[in-house]
1. Acidic (Asp, Glu), free of Cβ contacts under 8 Å to residues at least 60 places away in the same chain, under 23 Å from C:VAL347 (Cα atoms) and away from chain A (no Cβ under 14 Å): which single residue out of C:ASP215, C:ASP250, C:ASP258 fits that description?
2. Exactly one condition in (1) touching a residue at least 60 places away in the same chain (Cβ under 8 Å); (2) among the charged types (D, E, K, R); (3) within 14 Å of chain B (Cβ to nearest Cβ) is not met by C:ARG140; state its number.
3. Kindly evaluate C:ASN35 against the criterion of being over 25 Å from C:LYS294 (Cβ atoms) and open to solvent by 40 Å² or more (accessible area, probe 1.4 Å).
4. Quick test for you: out of B:ILE262, B:ILE301, B:ILE311, pick the one residue that is assigned to a helix (DSSP H, G or I) and either charged (D, E, K, R) or free of Cβ contacts under 8 Å to residues at least 40 places away in the same chain (or both).
5. In the stretch C:19-32, which residue that is open to solvent by less than 20 Å² (accessible area, probe 1.4 Å) and part of a loop (DSSP other than H, G, I, E, B) is farthest from the other protein chains (Cβ to nearest Cβ)?
6. Just a yes or no: is a residue in the stretch C:228-242 under 30 Å from A:CYS74 (Cβ atoms) and not β-branched (Val, Ile, Thr)?
7. With a cut-off of at least 3 residues that are in contact with a helix residue (DSSP H, G or I) (Cβ under 7 Å, 6 or more places away or on another chain) and within 14 Å of chain B (Cβ to nearest Cβ), name the helices (runs of 4 or more DSSP H) lying wholly within the stretch C:265-371.
8. Please determine whether any residue of the stretch B:118-125 is part of a helix (DSSP H, G or I) and either within 14 Å of chain C (Cβ to nearest Cβ) or charged (D, E, K, R) (or both).
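The values are calculated or read from the model by the stated rules, or taken from the named source; none is laboratory data. The structure presented is a predicted model; accordingly, all values stated were derived computationally and were not measured. Glycine gets a Cβ as well: all are built from the backbone with ideal geometry, and neighbour counts include every protein chain shown. Remember, those area values only see protein heavy atoms, side chains included, never the ligands or the DNA or RNA. Shrake-Rupley method; radii C 1.70, N 1.55, O 1.52, S 1.80 Å.
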Amino acid sequence: MFLADYIKDVYGAVKSLLTGMKLTGYYFTHHKEIITEEYPNNRATLKLADRFKGEVWMPHDENNEHACTGCSSCEIACPNGSIKIVSMNVINAEGKKKKAIDQHIYRLDMCTMCGLCVEACPTDAIHMRNTFELSVFDRNHLIMRLNKPGSKIREGVE
Amino acid sequence: MFSLEGLTNFIHEWLNGHLPATFALLVEFVIVGVAAIGLFAVLGLGLVWMERKVAAVMQIRLGPNRLGPKGIFQTSADTVKLIMKEALTPSNADKFLFNLAPFIVIIVAMLILVPIAFARNFQIWDINIGVLYVTAVSSLSVIGILMAGWSSGNKYSLLGAMRSGAQIVSYELSAGLSIISIIVLTGSLKISDIVASQENGWWIFKGHIPAIIAFVIFIIAATAETNRAPFDLAEAESELTAGFHTEYGGMKFALFFLSEYINIFIVCAICATLFLGGWMPFHIGSWTAFNHIMDYIPSSIWFFGKTIFLIFVIMWFRWTFPRLRVDQLLNLEWKYLLPISMFNVLLMTLMAIMGWHF
Amino acid sequence: MFEEIGTTEEGDLIINVGPQHPATHGVLHLVLTLNGEIIKKVEPHLGYIHRSIEKMCESLSYRQFIYVTSRMDYLSAHINNHACALIVEKGLNVEVPQRAQYIRVIMDELTRIASHELWWSAMSMDLGAFTPYFLAFREREKINEIMEETCGARLTMNYMVPGGVMTELHPDFQEKVKSFIVDFKKTLHEYDELITGNVIFQNRMKGVGYISKEDVITYGCTGPVARASGLRSDIRKIAPYDVYDKVEFDEIIETGGDCFARYQVRIKEMSQSIRIIEQLIDNIPEGDFQAKTKAVLKLPKGEFYQRVETARGELGVYIVSEGAAQPYKIKFRSPGFSNLSALDHMVRGHKIGDFIAAMGTLDLVIPDIDR
């Protein structure tokens, strides 16, 4: 029956459209469903995942000591050359010459946050930190020295 | 009680008391012109803000919320930005037509404002062919769109303009037929007569099922005529980037944008006038006490309330439905809306002859 | 089999869709030859986002080259990494601990759901419906948060390493995934209400962009595109890797071959992914998450091939090794490239709107096509 099919068509179409409108209407009347985060305003309550890979970071303890031996494992592991280790020779207590780290240079502008350097580090000296507001006006600020000036290697780390 | 009628009467009497009749009339013209432009600006800013807010809440987000309370000044700031922008004319464009098109579109939108009754006795010109005038003038806007599409010298614009031409011309049929089905009941094209005929109830309630069908068809046709989603084929962002106004920028684009919202307001106002009683408060037959209470709400609030509700419905469509394809759009008109509305007019005429309506 | 390349006549309209166009979702350049609204020919021009990933990989070690592959099909980054980890393990004959295998498969399936969510939202937006975008992103955000907690990144995780996964799961991982599954099942009906059942959507989709089973084989389409035409092509079933042979799930086969069939395959695949995760999430065995491997990996001399099922289809990794620490030659067989080649066949004689719909259901990720 042609007319019956026609009316059925129209009925089905209108019904399907109304179901869609019901859903958007539901969200229009239920403001609690809103998921927007007002970012710069919610800084105080914003909690980022601990493991979030924001930048590479070398933890220093209260004596300004770190665990980096300057072995260059991270430099080798890095796929795009964001890490450069500048080492120096120090004379230790026994009067022997020993290689130690002078500068751990980290280029944030080239880093892809793959985490391979952290994996490769034998002494657990570098970590990924979950800082994320990293933009600067001068790109030179993105080239960072990770070991703090005057810091030295922690006793007992080989 | 606040009423716009008192205001106009006061101005009219004051002017006539202080100036010769001709000058008074001229001053009134200027006042009306300025008021119309002011209304345009307010409507444009308000409706764009409303659209963004409605869209945001339906899409579970916040929408504009930085500038002023609830972001109410966001659209004003956008307008300032658009005015500051360079109005570029592409080198391959037909320069005269390209620059003329936005003005044609906005002037057409302005002309339709004439017969709309905003409140009790508050109307620019109560022309005796009111509704006919509206349908006649509103079909002119397609010329502006075609002009814009053709003169841009851009293939996307051309496609958009051609689509828009086919669309507006076809959908005017069913819009016209829905209007006729109400005219059958009122027996007059004059807006004030149409509103007055709804004193004891709006036509959507008095006209039984045919009036409801006519209402639904009119809303659909109005959405299509104003090039709104799901019928926004002339713009079709994902297909034609921006359709007929691809090449426009700055204030010239803003005029197209503004005219879209003005057109929505106007078709919704017409729809409210025809089906929901215009400025007429909600009256039920002979319940004098109830009707009297309803009369305490100013008529302008009734009118704007109804219109904004209808605008909301059209926005609701936009943020729910996917876009139609161009042949489906024409199918919908010629295979569904037109036959249904023709049958509906027949039914309505029968009803009017037999006096079945209230 | 191949139709003659359509000739351009006078009066035809030639339109460049892309490289900057809202519907291409990337820098894809398509040259459309139109007769009015009717499409006569579609010609993809590639190369706008070619980063020579394959060449780049040849200068990186077997540990390092994995992270680059996240940048190919960034929506199934985990699965790309998985393929690379698998091929290195195959070459070195490393036994991956059970725990790592379970974690990998769960991550893969979460990625697949996230990818299909994004496809759903982007395709709906191509068709002119804007609200689905946000509904799907709400769910996708939950997956991203789970990823962020365990892998430390939301899109390019680099979580798979040769021999297992990089770090231990986050303590909240299982709980979060379970609550995500509950939420996801609750919102799945919205997809049907808002889009699938919608009469406008069905008219836009049904009978549009048809491709037959034979043509699917000819063009080398894989993934949901092939399965929508009735071709069994799920690598997870044909050549199971890791624990895919232990889990129960259905390979979704539709026979329609049109846009609607492709749409349904992806929608149903999401539920199947949920089914896989449900089977695994409570049974992750204890043990190591990474096998012991040497500091410098060297694949033996020879050729290696590994294929996996990404959200878009079959991803193949081919490595020629000369026994050095870097691959001698590497080649990726990306699903998007083959799927895109079928676009011309699908949309000839259709309208511009159909072209957009067909392109939407192909689920193209441009960096995957260009690499």
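1. Only one candidate qualifies: C:ASP258.
2. (1)
3. yes
4. B:ILE301
5. For the stretch C:19-32, the residue satisfying everything is C:LEU28.
6. Scanning the stretch C:228-242 turns up at least one residue that is under 30 Å from A:CYS74 (Cβ atoms) and not β-branched (Val, Ile, Thr).
7. C:352-362
8. Within the stretch B:118-125, not a single residue is part of a helix (DSSP H, G or I) and either within 14 Å of chain C (Cβ to nearest Cβ) or charged (D, E, K, R) (or both).
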